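Here's the structure, in structure tokens; my notes come after.
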Amino acid sequence: MNISDYGTSPHVDPLMADIEAYGLFKHVVELEAYGMTVVPPETMRSNPAFAERLREAILRTSEKRNGVVIGDYRTAAPGPEVAANGWDLLEEDEVFVEAATNPVQLALVRWLCGQSAIFGGNTWLIKGPTGSGMGSLNLHSDAHGIPPGAGQIAHMCNASWICTDYNSAEDGPTVFVPGSHKYGRATLPHETDLATTPFKWFPLIAKAGSMAIWNGATWHGSVPRSSPGLRVTLVQTFSRSYMRPMKMYDRTTSPQLLQKYPELDRIVGKPVYPYENPQAPDRDRVAPLIKTGTDQFA
Ligand SMILES: O=C(O)CCC(=O)C(=O)O
Ligand SMILES: [Fe+2]
């Protein structure tokens with residue numbers, strides 16, 4: 001028996017179908033138990049060249065925006081300037097739109113943040129070897145603005161495409177405190193230092209082309225890279241529709257992209273506030289938000 005076949009839960013039933021079709025049950029359980037999961041390339045249904053296209057688009061966009069030459073990521077040792085100006089990539093290359101709208105990713109995003117989940121923004125991480133000025137990152141939550149007490153559900157999530165292999169902690173990966181999404185609060189100052197925190201943490205190990213996704217409340221940081229060459233990652237945030245995107249993507253995204261990618265049109269969302277005209281609220285925008293008040297999967 002499949003409960004979703006009854007169609008009695010209109011918001012979660014289609015999600016169950018996607019989770020089954022894409023083989024995501026393990027990943028949903030890991031998200032619930034540990035607050036994060038890593039989905040391998042074959043499950044992401046991205047073609048093998050996808051990670052390479054994404055990596056190249058990131059590196060070439062950094063070169064263009066930062067006026068630097070990075071060259072071959074396997075041997076490059078640039079300074080920290082390559083990490084700057086990394087936000088807002090959708091219009092730079094369609095590979096970023098493909099990354100934002102990957103159907104397997106969106107099934108997990110919607111599991112965490114509901115059918116009305118919106119795209120918050122994207123940026124790159126380019127991290128060179130020790131000495132390049134790009135080191136470690138203290139433990140933190142990404143769910144800024146969510147006070148303690150509101151931790152039963154994910155309010156936002158981070159879906160990161162791994163664009164270079166993370167074979168071991170020497171590659172300078174993200175690290176996670178398993179289960180910390182259950183605490184429902186951000187880290188306190190004495191909990192953040194990876195060397196002294198009393199919490200156990202583990203490194204993210206994954207092949208290029210994998211996607212790591214975490215409940216935004218899951219505590220994470222990163223360790224320095226001692227391997228040669230660069231670690232390259234595309235970070236994307238998604239959130240519930242009551243959160244604020246980093247940009248009004250519904251109003252600023254190219255119409256031709258919205259037309260070509262229906263899922264992009266859906267995830268740029270229809271933020272309700274601020275009202276364009278406070279005296280005449282747009283009822284089509286308010287209605288879905290009211291629905292999320294009755295169902296976490298709406
Ligand atoms: O992987 C890392 O270096 C940590 C990045 C981070 O904190 C994030 O993407 O939210
Ligand atoms: Fe973070």
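The values are calculated or read from the model by the stated rules, or taken from the named source; none is laboratory data. What you are looking at is a predicted structure, and each value in this text was computed from that prediction instead of being measured. Positions of Cβ are backbone-derived with ideal geometry, glycine not excepted, and every protein chain shown enters the neighbour counts.
Output the residues belonging to segment 101-130 that are under 15 Å from P80 (Cα atoms), in a loop (DSSP other than H, G, I, E, B) and either within 14 Å of ligand 2 (Cβ to nearest atom) or not small (G, A, S) (or both).
Matches in segment 101-130: P129, T130.
Could you pull out every one of the strands (runs of 3 or more DSSP E) wholly within segment 131-184 that has 1 or more residues that are away from ligand 2 (no atom under 14 Å from the Cβ)?
The strands (runs of 3 or more DSSP E) meeting that bar are 156-162.
Is there a residue in segment 45-68 that is in contact (Cβ under 8 Å) with a residue 12 or more places away in the chain, of a type in the set (V, I, T) and farther than 30 Å from K26 by Cβ?
yes
Would you please name the residue that is modelled with the highest pLDDT, looking only at residues in segment 77-94 that are crowded, with 20+ Cβ neighbours inside 10 Å and out of contact with any strand residue (DSSP E or B) (no Cβ under 6 Å at 6 or more places or on another chain)?
By that ranking, first place goes to L90.
Take the residues in segment 223-244 that are away from ligand 1 (no atom under 16 Å from the Cβ) and of a type outside the set (S, T, N, Q), then tell me which one is nearest to A100 (Cα to Cα).
R240
Assess whether K200 counts as being of a type in the set (D, E, K, R) and surrounded by 15 or more Cβ atoms within 10 Å (Cβ to Cβ).
no
Is it the case that some residue within segment 139-149 is farther than 30 Å from M248 by Cβ and either buried (at least 24 other Cβ atoms within 10 Å of the Cβ) or touching a residue at least 60 places away in the same chain (Cβ under 8 Å) (or both)?
yes
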